[in-house]
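Undergrad: Please find one structure pasted underneath; my questions will follow.
All of the numbers you see were taken from the coordinates with simple rules; none came from a lab. If you're wondering where the values come from, they're calculated on a predicted model, not measured in any experiment. Positions of Cβ are generated from backbone atoms using ideal geometry, with glycine treated the same way; all protein chains shown enter the neighbour counts.
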Amino acid sequence: MDILVCPVCKGELELTVEEENEKEIVTGSLYCAKCDVRYPIEETIPNLLPPE
Amino acid sequence: MNDTNSYMQSMLVSSPLTEPSVRSAIKALQLTPGSQGLDAGCGIGFQALLLAEAVGPVGHVTGLDISSEFLRYAEEVVNEAGLSGHISFQEGDVSRLPFGDDTFDWAWSSSCVGYSASLEPFSALKELARVVKPGGSVAVFAWSSEKLLPGYPVLEAHLNATASGIAPFLAGRSPEAHFLRALGWFRDAGLEESAARTFVGDAYAPLTNDIRNALVALFEMRWPGVESELTQEDRAEYQRLCWPESPEFILDHPDYYAFFTYSMFHGNVTG
């Protein structure tokens with residue numbers, strides 16, 4: 001998770017955790033302030049597909 | 001079944017046939033134990049498992065794919081193998097990776113960069129090189145040839161010459177974009193010490209059930225919907241030899257033998 005950056009501007013992402021277990025974050029999001037885009041984390045898998 | 005499911009099914013069924021070649025290629029890369037790598041276009045995660053095995057318990061593999069369905073499956077595969085601490089998955093686009101420069105020790109891409117018709121190979125390779133540290137390696141790996149119909153070279157040539165037979169090898173694109181021209185992309189991406197390696201797999205009678213099923217799936221993947229493009233004579237011969245329900249199905253011949261190749265291109269990021 002700590003290696004992830006915004007796929008568009010390659011800038012840092014701000015993590016919001018909604019649900020986590022002992023091992024990992026289950027639901028949440030990664031927010032790029034520069035692009036104003038929120039990338040969702042669902043079922044432990046972050047979705048970093050660039051917005052079209 | 002939808003397309004994703006049937007593709008996933010083909011990958012599952014064909015893995016007993018293809019896995020030895022994938023293992024040989026990964027072994028040839030001599031990945032450093034404890035290193036951290038990227039599997040770009042990881043699909044259902046089978047190769048991420050083999051890559052994680054190669055880098056050992058201290059290493060880490062990040063799998064990235066554009067399909068969330070593949071990734072959900074891959075997560076299950078990795079959890080079952082007890083390797084969830086060593087492999088993580090992200091949904092993303094190989095041509096716009098969500099990683100900073102110089103993040104990984106190596107990058108691997110199988111049947112994706114240079115192979116997927118929807119991905120422009122030059123920029124995808126540059127993107128892989130961007131996220132690999134100086135001195136690290138980038139490898140692209142894909143199916144490159146096969147002989148599946150022993151004794152019927154003309155029929156096999158005709159099947160391969162159809163639009164559906166050529167499709168996996170990117171018919172209609174420029175020769176420079178063809179997978180077998182990857183050395184040019186490596187040169188243009190500024191990678192050093194580029195090299196090509198070929199890995200051979202084979203099968204021969206008597207076939208185990210797993211290998212027979214894998215070959216049936218391979219016939220379907222290699223020549224999907226080919227019949228409409230064949231002459232009447234070729235179609236009759238194709239149905240006689242390549243239909244599993246035919247009494248003369250070639251996979252049931254007592255002398256059946258087939259082989260195929262995978263090609264791997266790799267190079268180092270300038271240090």
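Undergrad: Using the structure shown, list the pairs from A:LYS10/A:LYS34; A:LYS34/B:LYS133; A:LYS34/B:LYS126 with a Cα-Cα distance above 21 Å, or answer none.
TA: A:LYS34/B:LYS133; A:LYS34/B:LYS126
Undergrad: At q = 0.12, 0.30 Å⁻¹, work out log10 I(q)/I(0) for chain A with the Debye formula, treating every Cα as an identical point scatterer and leaving solvent out; two decimals please.
TA: -0.23, -1.22
Undergrad: Please find, in a Gaussian network model of chain B (springs between Cα atoms separated by less than 10 Å), the residue of B:GLY37, B:GLY201, B:GLY114 whose mean-square fluctuation is greatest.
TA: Fluctuation is largest for B:GLY201.
Undergrad: Once Rh is set to the Kirkwood radius over Cα pairs, what Stokes-Einstein translational diffusion coefficient, in µm²/s, holds for chain B at a temperature of 20 °C and a viscosity of 1.002 mPa s? Show your work: numbers first, answer last.
TA: Details: Rh = 19.5 Å.
The Stokes-Einstein estimate is 110 µm²/s.
Undergrad: Considering only B:LEU128, B:LEU64, B:LEU241, give the residue with the highest GNM mean-square fluctuation for chain B, with springs between Cα atoms whenever their separation is below 10 Å.
TA: B:LEU241
Undergrad: Applying 1/(1 + (r/R0)^6) with R0 = 22 Å to the Cβ-Cβ distance of B:GLU233 and B:GLU146, what FRET efficiency is obtained, to the nearest 0.05? Write out the running numbers ahead of the final one.
TA: Numbers: r = 23 Å, r/R0 = 1.04.
The formula returns an efficiency of 0.45 here.
Undergrad: Here is a further query. Ratio of the protein assembly as shown's C-alpha Rg to 2.2 N^0.38 Å, to two decimals?
TA: 1.06
Undergrad: A further question follows. For the protein assembly as shown, what is the percent of antiparallel DSSP beta bridges, rounded to the nearest 5?
TA: Values: 36 of 56 bridges.
The antiparallel proportion sits near 65 percent.
Undergrad: To the nearest 20 Debye, how big is the dipole of the protein assembly as shown about its Cα centre, given +1 on the beta carbon of each Lys and Arg and -1 on that of each Asp and Glu?
TA: 1040
Undergrad: Checking the a/c ratio against 1.5 first, then a/b against b/c, what shape does the Cα gyration tensor give for the range B:151-271?
TA: oblate
Undergrad: For chain B, set up a GNM with springs between Cα atoms under 10 Å and report which of B:PHE259, B:PHE70, B:PHE179 has the largest fluctuation.
TA: Looking only at B:PHE259, B:PHE70, B:PHE179, the largest GNM fluctuation is found for B:PHE259.
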